[in-house]
Amino acid sequence: MEKPNGDQFFAPVMLTEFVGSMLLMLAVNLQGEETTTVPLVFFALIVCTYELSGGHLNPSISLGVYISTKRYVNNLLFMVFLIGAQTVGCLLALALGYMVRVTVTDSATGSEYLEPNVYSSPPPILIATDGIPSYGQIMLSETIAAFILVLTSVQARAYITRSNNPEGAVIQAAFAMAVALAAIQ
């Protein structure tokens, strides 16, 4: 959308966003207790995919960029396909993450359940509720985190546009987004 002539490279852009979103979601699914994994993967993927597709890797960022370009009619179909490619990539990563699960038997009840092979840690907001369903709190924290990430992305893209050194600006913008992602985790 924001890349000049990006719509002329439809298939490579969609493939880039598909694979990038899949790798990012796979990092989220398999990160375990290491909180620096996702920001580092996000940084590397933005640097690798920015030149071709803009490095959105997330439907909320794609929507934020779509709104900030102010060319709604021209980019609507492209944005829909871009979000579709990202969603399919995330679903494939979810399937791959599911395949690394193992079945564990509970010694107390004898029932079997699936457990990740890599132990993931729940978000702190879920730990604070002692297992009581807290979907509203989780939705609020995810909404705030997505807003911060999209705001950082739009500001970083504006910085790249104004910069005299776009290659260096991409790395700085990717670093800013990785720091924002690390801060909201």
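The values are calculated or read from the model by the stated rules, or taken from the named source; none is laboratory data. None of these values were measured; they are calculated from a predicted model. Here the Cβ is made from the backbone with ideal geometry for all residues, glycine too, and neighbour counts use every protein chain on show.
Points to keep in mind about this one:
Residues are listed down the side, and each one gets a yes or a no for (1) of a type outside the set (Phe, Trp, Tyr); (2) modelled with pLDDT under 85; (3) over 24 Å from Ala182 (Cα atoms); (4) outside any helix (DSSP H, G or I):
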{"position": "Thr35", "(1), (2), (3), (4)": "yes, yes, no, yes"}
{"position": "Phe42", "(1), (2), (3), (4)": "no, no, no, no"}
{"position": "His56", "(1), (2), (3), (4)": "yes, no, no, yes"}
{"position": "Ser60", "(1), (2), (3), (4)": "yes, no, no, no"}
{"position": "Val65", "(1), (2), (3), (4)": "yes, no, no, no"}
{"position": "Leu77", "(1), (2), (3), (4)": "yes, no, yes, no"}
{"position": "Thr103", "(1), (2), (3), (4)": "yes, yes, yes, yes"}
{"position": "Ala108", "(1), (2), (3), (4)": "yes, yes, yes, yes"}
{"position": "Glu115", "(1), (2), (3), (4)": "yes, yes, yes, yes"}
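- Against the conditions (1) under 19 Å from Ala158 (Cα atoms); (2) part of a helix (DSSP H, G or I); (3) without any contact (Cβ under 8 Å) to a residue 60 or more places away in the chain, Ala27 satisfies every one except (1).
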